[in-house]
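Scroll down for the structure; my scribbles are underneath it.
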Amino acid sequence: MAKKILQVKNLQVSFETHGGEVQAVRGITFDLHEGETLAIVGESGSGKSVATKALMGIIASNGQIKKDSSILFEEKEITQLNEDELQKVRGKDIAMIFQDPMTSLNPVMTIGKQIMEGIIKHQGLNRSEARQKAIELIELVGIDQPDKRFKQYPHQFSGGMRQRIVIAIALSCNPKILIADEPTTALDVTIQAQILELIKDLQAKTGVAVIFITHDLGVVANVADRVAVMYAGKIVEIGTSDEVFYQPQHPYTWGLLASMPSLDTDDEALYSIPGSPPDLLNPPVGDAFALRSQYALKIDHEQEPPFFKITDTHYAATWLLHENAPKVTPPSVIQKLWAEGGK
Amino acid sequence: MSVEEREVILEVKHLKQYFRLDKRSVVKAVDDISFEIYKGETFGLVGESGSGKSTTGRAIIKLYQPTSGEVWFEGQRVDTKLSHSKKKAFNKKMQMIFQDPQASLNGRMKVEDIIAEGIDVHNLATSKKDRLNKVFELLETVGLNREHANRYPHEFSGGQRQRIGIARALAIEPSFIIADEPISALDVSIQAQVVNLMNQLKKERGLTYLFIAHDLSMVKYISDRVAVMNKGKIVEIAPSDELYHAPLHPYTKSLLSAIPLPDPRTERRRKRIGYDPSIHNYSQEKPKWLEIRKGHWIYGSDSELNDYEVELQGK
């Protein structure tokens with residue numbers, strides 16, 4: 001397997017609010033390998049965005065990475081870096097793209113200048129070299145007439161084109177990790193398909209490792225090598241894409257997969273997860289999903305489940321995998337997935 | 001029940017909705033569309049942003065005055081200026097559910113008053129007690145509790161707010177509901193709850209839905225028939241199974257090929273089909289709207305329609 005480029009251990013992030021301490025990320029552990037795409041999937045409030053913002057050191061000022069958290073990037077402990085050192089990592093080694101390309105771009109600066117900014121800062125090129133590189137990047141992300149486009153402003157681009165520009169900026173310093181936080185959520189499906197293809201294509205060309213954050217399981221299936229499923233600030237299941245989609249083990253993963261209609265789902269009612277996610281001001285004891293799960297055991301309400309190993313790459317935090325756990329029957333959609341393993 | 005036996009509840013004929021931007025430019029948001037919706041069905045309207053799907057819904061429910069064309073609802077023409085009593089009767093029968101339950105609920109009103117607003121307007125409650133009982137009943141119908149009546153919208157989650165929006169729409173017992181992206185703002189696990197609720201209400205109350213959305217897999221699941229819109233035109237209408245398994249119009253094909261499905265192996269095999277509008281030679285050959293098979297409508301020029309016919313026979 002490829003080398004580990006990032007190792008996150010027991011990452012915990014909390015925010016001070018009027019109501020008290022919100023435990024947004026409650027101890028997550030995962031690795032990222034060179035050149036792979038890891039998708040982090042979860043609902044709003046699951047902590048997926050906060051976790052990745054912590055990697056870049058850009059959590060809001062009332063937020064704090066708790067001690068005992070570790071983010072190791074190429075031997076460097078990110079949680080220990082000061083702002084100057086972080087600034088060198090940001091943009092250069094780890095770059096990020098966001099959901100809304102309009103708010104990531106400066107509306108009163110030409111896109112050419114915006115692309116050149118990072119190149120001049122991090123790579124020490126002079127203006128004309130940076131200009132040349134910027135034009136190459138505009139071309140690389142699939143925009144015609146790069147010379148002309150270089151001088152234009154963000155409002156002269158469509159949503160999909162703006163996201164291409166943001167990707168060009170993110171890739172301008174040849175980062176080792178690209179964090180994409182819901183990069184296609186604001187786009188139409190046909191444009192989304194183009195952007196997903198572009199990201200995969202650029203990854204093949206540059207070898208950048210991608211952390212792809214999304215709530216859309218279809219997008220996950222399209223881009224991910226591995227998938228981490230987050231719920232209530234924790235990773236509940238992690239594995240290769242095939243393992244998570246065809247051999248899911250955590251009842252929350254079951255619920256997510258079963259509640260999406262496939263193109264063959266017909267008249268029967270959709271499987272739906274009752275209730276809504278817990279309040280992270282007072283996270284529940286034990287398995288946070290137990291309150292909404294028809295498969296919850298007594299122990300789920302008392303003790304947090306550890307990760308159980310299913311294969312070398314597949315882990316799930318559910319007591320159902322304990323050797324003494326009773327056998328349960330998952331939703332029919334999931335039984336079908338298990339049996340067929342996809343077609 | 002076969003298509004021709006079904007009772008038409010809504011008919012849209014050559015509807016155009018233009019918006020004038022300035023002296024020179026006009027946006028043709030909806031540009032000559034025609035369709036019928038049958039009583040008791042869910043009619044899906046899909047398209048990308050700017051396709052005109054929401055404008056269509058808003059024009060039908062009289063939020064806009066259509067530029068031209070006709071809208072007939074339960075045998076009455078409704079796009080024209082209606083008398084006060086007719087307008088009120090129309091408003092009682094047709095309701096709307098919006099995408100953003102945050103923006104569509106008045107944050108300074110209690111849930112009770114939000115839900116009962118229609119009841120008040122149409123004088124449907126005989127007493128204060130009756131009004132409150134109706135609200136309780138509605139809250140329970142949409143899966144909320146009586147205690148929620150006294151709270152304000154901000155005290156609820158997105159999914160719960162959407163349930164309040166549905167309860168408000170149901171309060172005056174409409175027969176037709178326009179749902180404009182009702183689940184797009186909700187999380188996956190909550191979407192299924194709301195869709196199941198809408199389906200259950202449809203069965204129990206014999207409702208008819210116009211379901212407007214961009215999420216094609218959800219539209220396929222919830223709809224009996226689906227219309228695909230692109231740049232102000234409907235390009236294809238078909239029963240949802242037929243549309244998804246045997247699409248004819250190149251735009252429909254392109255749109256279907258772009259939906260990512262939660263199945264990695266399908267995704268690895270996926271071939272995306274692009275759509276190039278310049279393949280249509282409509283300047284030389286005038287396009288028309290034709291029922292190519294029973295219940296399957298398509299927009300195209302004569303030579304294109306010939307090609308579609310050949311393609312259908314090959315299937």
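The values are calculated or read from the model by the stated rules, or taken from the named source; none is laboratory data. Note that the structure is a prediction, hence the values are computed from the model and not measured. Every residue, glycine as well, gets a Cβ built from its backbone with ideal geometry; the counts of neighbours run over all protein chains shown.
Looking only at the stretch B:3-30, residues that are surrounded by fewer than 19 Cβ atoms within 10 Å (Cβ to Cβ) and either within 14 Å of the chain's Cα centre (by Cα) or closer than 22 Å to B:Y251 by Cα (or both) come to 5 in all. On inspection, B:S254 passes the criterion of being facing another protein chain (nearest Cβ under 7 Å), hydroxyl-bearing (S, T, Y) and farther than 24 Å from A:K336 by Cα.
When the residues of the stretch A:290-302 are filtered to those that are of a type in the set (A, V, I, L, M, F, W, C) and either more than 14 Å from chain B (Cβ to nearest Cβ) or crowded, with 22+ Cβ neighbours inside 10 Å (or both), which remaining residue is farthest from A:P330 (Cα to Cα)? If you could, list the steps in order and put the result at the bottom.
The initial filter retains those residues of the stretch A:290-302 that are of a type in the set (A, V, I, L, M, F, W, C), namely A:290-291, A:296-297, A:299.
Restricting the remaining residues to those that are either more than 14 Å from chain B (Cβ to nearest Cβ) or crowded, with 22+ Cβ neighbours inside 10 Å (or both) gives A:290, A:296-297, A:299.
On the way: A:A290: 15, A:A296: 12, A:L297: 14, A:I299: 19 Å.
Filtering first and then ranking leaves A:I299.
Please tell me if B:K86 is on the phi < 0 side of the Ramachandran plot, among the basic types (K, R) and in contact (Cβ under 8 Å) with a residue 12 or more places away in the chain. Judged against the criteria, B:K86 is not a match.
In summary, helices (runs of 4 or more DSSP H) completely within the stretch B:78-178 and bearing 3 or more residues that are of a type in the set (G, A, S) occur at B:158-170. From the list B:V195, B:V310, B:V235, which one is more than 9 Å from chain A (Cβ to nearest Cβ) and buried (at least 16 other Cβ atoms within 10 Å of the Cβ)? Answer to the check: B:V235.
For the stretch B:58-70, a residue qualifies if it is among the β-branched types (V, I, T) and either under 12 Å from B:I178 (Cβ atoms) or surrounded by fewer than 17 Cβ atoms within 10 Å (Cβ to Cβ) (or both), and the qualifying residues are B:I60, B:I61. Once the stretch B:283-304 is narrowed to residues that are touching a strand residue (DSSP E or B) at 6+ places or on another chain (Cβ under 8 Å) and small (G, A, S), the residue that is nearest to B:T252 (Cα to Cα) is B:G300. The one condition from (1) of a type in the set (G, A, S); (2) surrounded by 15 or more Cβ atoms within 10 Å (Cβ to Cβ); (3) modelled with pLDDT of 90 or more that B:S127 does not meet is (2).
Restricting attention to the stretch A:308-336 and to residues that are free of Cβ contacts under 8 Å to residues at least 12 places away in the same chain and surrounded by 12 or more Cβ atoms within 10 Å (Cβ to Cβ), the residue that is farthest from A:Y231 (Cα to Cα) turns out to be A:K336. Screening the stretch A:14-54 for residues that are touching a helix residue (DSSP H, G or I) at 6+ places or on another chain (Cβ under 7 Å) and within 14 Å of another protein chain (Cβ to nearest Cβ) and picking the one that is surrounded by the fewest Cβ atoms within 10 Å (Cβ to Cβ) gives A:E43. Would you confirm whether or not the stretch A:152-166 contains a residue that is in the same structural domain as A:E74 (by TED's automatic domain parsing) and either of a type in the set (V, I, T) or under 25 Å from A:T253 (Cα atoms) (or both)? Yes, because at least one residue in the stretch A:152-166 is in the same structural domain as A:E74 (by TED's automatic domain parsing) and either of a type in the set (V, I, T) or under 25 Å from A:T253 (Cα atoms) (or both). Residue-level analysis places A:E182 among those that are in contact with a Phe, Trp or Tyr (Cβ under 9 Å, 6 or more places away or on another chain) and surrounded by fewer than 21 Cβ atoms within 10 Å (Cβ to Cβ).
Tell me, which helices (runs of 4 or more DSSP H) wholly within the stretch A:206-261 include 3 or more residues that are farther than 29 Å from A:L137 by Cβ and at the interface with another protein chain (Cβ under 10 Å from one of its Cβ atoms)?
A:241-246, A:251-258
For the subset of the stretch B:179-192 comprising residues that are under 15 Å from the mean Cα position of the chain (by Cα) and either in a helix (DSSP H, G or I) or among the small types (G, A, S) (or both), which member is nearest to the other protein chains (Cβ to nearest Cβ)? By that ranking, first place goes to B:S184.
Cβ-Cβ distance below 6 Å, separation of 6 or more or different chains: which pairs start in the stretch B:215-226 with a residue that is facing chain A (nearest Cβ under 10 Å) and end on one that is part of a helix (DSSP H, G or I) and of a type in the set (G, A, S)? As it stands, the answer is B:K220/B:S240, since those pairs meet every condition given.
Evaluating B:V8 against the criteria (1) out of contact with any helix residue (DSSP H, G or I) (no Cβ under 7 Å at 6 or more places or on another chain); (2) among the aliphatic types (A, V, I, L, M); (3) at pLDDT below 95 leaves one unmet condition, (3). Filter the stretch A:303-319 down to the residues that are under 22 Å from A:P331 (Cβ atoms) and not β-branched (V, I, T), then identify the one that is nearest to the other protein chains (Cβ to nearest Cβ). Ranking the candidates gives A:H314 first.
From the set of residues in the stretch B:264-281 that are more than 14 Å from chain A (Cβ to nearest Cβ) and at pLDDT 90 or above, which is surrounded by the most Cβ atoms within 10 Å (Cβ to Cβ)? Going through the qualifying residues, I end up with B:H280. Look at (1) without any contact (Cβ under 8 Å) to a residue 60 or more places away in the chain; (2) not assigned by TED's automatic domain parsing to the domain that holds A:I40 and you find that A:D201 fails only one, number (2).
To keep it simple, each residue is scored yes or no on (1) free of Cβ contacts under 8 Å to residues at least 40 places away in the same chain; (2) of a type in the set (S, T, Y).
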| site | (1), (2) |
| --- | --- |
| A:Q123 | no, no |
| A:R131 | yes, no |
| A:A134 | yes, no |
| A:P146 | yes, no |
| A:F150 | no, no |
| A:S172 | no, yes |
| A:K176 | no, no |
| A:D181 | no, no |
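Applying the condition of being within 7 Å of chain B (Cβ to nearest Cβ) and of a type outside the set (V, I, T) to the stretch A:262-289 and asking which residue is surrounded by the most Cβ atoms within 10 Å (Cβ to Cβ) yields A:Y271. Restricting attention to the stretch B:83-112, the residues that are over 23 Å from the mean Cα position of the chain (by Cα) and surrounded by 15 or more Cβ atoms within 10 Å (Cβ to Cβ) total 3. At pLDDT 95 or above, out of contact with any strand residue (DSSP E or B) (no Cβ under 7 Å at 6 or more places or on another chain) and either crowded, with 18+ Cβ neighbours inside 10 Å or within 13 Å of chain A (Cβ to nearest Cβ) (or both), is that true of B:V135? Spelling it out, B:V135 is indeed at pLDDT 95 or above, out of contact with any strand residue (DSSP E or B) (no Cβ under 7 Å at 6 or more places or on another chain) and either crowded, with 18+ Cβ neighbours inside 10 Å or within 13 Å of chain A (Cβ to nearest Cβ) (or both).
Considering the conditions (1) of a type in the set (D, E, K, R); (2) modelled with pLDDT under 95; (3) farther than 21 Å from B:P239 by Cβ, B:K16 is excluded by exactly one of them, (2).
Where strands (runs of 3 or more DSSP E) fall entirely within the stretch A:1-116, none has at least 3 residues that are more than 27 Å from A:H215 (Cα to Cα), more than 16 Å from the chain's Cα centre (by Cα) and modelled with pLDDT of 95 or more. Of the candidates B:L243, B:L261, the single residue that is under 28 Å from A:E197 (Cβ atoms), more than 9 Å from chain A (Cβ to nearest Cβ) and either at pLDDT below 90 or crowded, with 16+ Cβ neighbours inside 10 Å (or both) is B:L243.
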